[in-house]
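Here the structure is laid out as structure tokens; the discussion comes afterwards.
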There are 2 protein chains.
Amino acid sequence: MSLIPIRPGAQSGGGRPAAPAAEAGRRDAARNRELLLCAAREIVEESSVDALTMDRLAQRAGVGKGTVFRRFGSRAGLMMALLSDAEAEFQGRFIFGPPPVGPGAPPLERLIAVGAARIAWTLEFGELARAADASAYNRFDVPPAVLWHRHLEMLLREAGVTADPWLMASALGAALEPERLLHSVSVHGIAPERLAETWRELVTRVVAGQ
Amino acid sequence: MSLIPIRPGAQSGGGRPAAPAAEAGRRDAARNRELLLCAAREIVEESSVDALTMDRLAQRAGVGKGTVFRRFGSRAGLMMALLSDAEAEFQGRFIFGPPPVGPGAPPLERLIAVGAARIAWTLEFGELARAADASAYNRFDVPPAVLWHRHLEMLLREAGVTADPWLMASALGAALEPERLLHSVSVHGIAPERLAETWRELVTRVVAGQ
DNA sequence: AATATAACCGGACCGCAGTCCGTTTAGCAT
DNA sequence: ATGCTAAACGGACTGCGGTCCGGTTATATT
């Protein structure tokens, strides 16, 4: 069923070999991967995310179209690859970083702070994030999304939310989805601070109601 | 650029015929509209929503492909047309219907009830709802979505939520989006009652925190 | 160095949503 | 009836994401 080999890893058994992140595999494959990522960034910078079509990318990078899909699986996979640095940095902040986003602050404060950070992050990498989401059924099951969801769930638990924290994290996470946030800002002209403020209200009430 | 192209020679008046309700216009147009809706329902019933492609539909109904797009504007528009009866019935329930979904019950009760009703509705018409959403930028600005959002906002206001009810309605509405609900149920096997229960917790806390 | 082979490569190919434009026709006015 | 015109029609066409498969090449083995 053609799952997407987004990130490195997975070497064992059954399926096709996952896309090599940096090591592993033939040198030309790695070279083409870098070539493609580079060309993709150029196109996005020169025009827009929408201008980044798979054909154009292949041509720009001087490789065949098949190669693009072999490396990234799908357009969404390519977008995730383009985002992966920013995504990793963000993950680092809420896992290892300094409080209040990182560990060390009370859970409610962390919830508020990490939401605000997420909003800012989304507005910065918005177009890419939308394009990365804009596809599949498995959009919620891709590693960064799972990690993010689990983190929210953990913070809710720590804050004393005992009733179905998994679903509650899902519900709260829904409020932070890129498409919605970007729509609020770019169509309705909502100021980013209002988004953060509403998030604060929301999580405060959810936790306080405990 | 590349906004929706306006017909060259003649436009004036009514705008694009994206979704003419029932009357107005030539008889053949109305006939074809019914023909198409009928054929679309057949295809969905025989196979699935995914099997409903615009080419196949045109062929099945015995009309040209251009006609399909002229009538419904896009695939998402067609899906909305297919949903419109169910949508109208649902709207009727929360606007005119009996309490607690309709008017007459206290606002929090209405919020809880209408959310549960929405969840059930979404699970029933899930595939179509997903296909109707699955596209555009304007997905949040389509009349039923606007009405729904406004209704949530109104209930929040009545329940005493004074802080940015517009955005709060948006955040709460996000938790009820078809894609997310369907994913929870069909991938993670969440029971529908758990969804309704979490919604109840969520809105109760939001309103109580007031 | 020669060989074997698995991985990689390219681009033709497919089905799809959506557009364009020359042709036909419904409905009105005469 | 007849003629007129705006509206509707159909299907060829475009560009897209994604797949497939015969040819090519890096690398390990001898």
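The values are calculated or read from the model by the stated rules, or taken from the named source; none is laboratory data. Quantities reported herein were computed from a predicted structural model and do not represent experimental measurements. Note: ideal-geometry Cβ built from the backbone for every residue, glycine included; neighbour counts use all protein chains shown. Heavy atoms of the whole protein, side chains included, go into the accessibility calculation; ligands, DNA and RNA do not. Shrake-Rupley method; radii C 1.70, N 1.55, O 1.52, S 1.80 Å.
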Given axes a ≥ b ≥ c from the Cα gyration tensor, I'd like to know whether the protein assembly as shown is rounded (a/c under 1.5), prolate (a/b larger than b/c) or oblate. oblate
Would you work out the relative contact order for the range B:75-208, in percent, from Cα pairs under 8 angstrom that are 6 or more residues apart? 29 percent
Restricting the calculation to Cα positions, tell me the Rg (one decimal) and the Dmax (whole number) of the range B:27-72 in Å. 9.8, 30
Separation of the range A:155-210 and the range A:107-145 by C-alpha centroid, Å? 12 Å
With all protein chains present, chain B has a carbon and sulfur share of its accessible area (1.4 Å probe) in percent of 57 percent
Local electrostatic count at B:Val44 - Lys and Arg +1, Asp and Glu -1, tallied over other residues with Cβ under 10 Å: -4
Just to be sure I understand: if you take the accessible area of chain A alone plus chain B alone and subtract the pair, with a 1.4 Å probe, what total do you get in Å², rounded to 100? 3500 Å²
Can you give the mean number of other chain Cβ atoms that lie within 10 Å of the Cβ atoms in peptide B:186-197? 2
Dipole-positive endmost among A:Leu181, A:Met79, A:Ala105 within the range A:76-208 (Cβ charges, Cα centre): A:Ala105
For chain A (alpha-carbon point model, no solvent) the Debye-based log₁₀ I(q)/I(0) at q = 0.16, 0.17, 0.18 Å⁻¹ works out to -1.10, -1.18, -1.26
Roughly what angle does helix B:107-124 make with the longest principal axis of chain B, taking Cα atoms, 0 to 90 degrees, to the nearest 10? 40 degrees
Degrees, to the nearest 10: A:165-174 long Cα axis against longest axis of chain A: 70 degrees
Built amide H within the under 5 Å cut-off of B:Ile190, gap 5+: B:Val185
Ascending list, in nanometres, of distances separating the B:Ser186 label from those of the other copies (7 Å, Cα toward Cβ): 2.8
Starting from the 7 Å offset along Cα-to-Cβ, what nm value, one decimal, do you get for the label separation of A:Ser47 and B:Met154? 4.5 nm
Could you give the accessible area per residue of the range B:37-137, probe 1.4 Å, as a whole number in Å²? 47 Å²
Computed magnitude of the charge dipole of the protein assembly as shown (debye, nearest 20; Cβ of K, R +1, Cβ of D, E -1): 1060 debye
Which of the residues in the range B:119-166 show a loss of at least 20 Å² in accessible area from their chain by itself to the complete set of protein chains, at a probe of 1.4 Å? B:Arg130, B:Tyr137, B:Arg139, B:Phe140, B:Asp141, B:Ala163, B:Asp164, B:Trp166
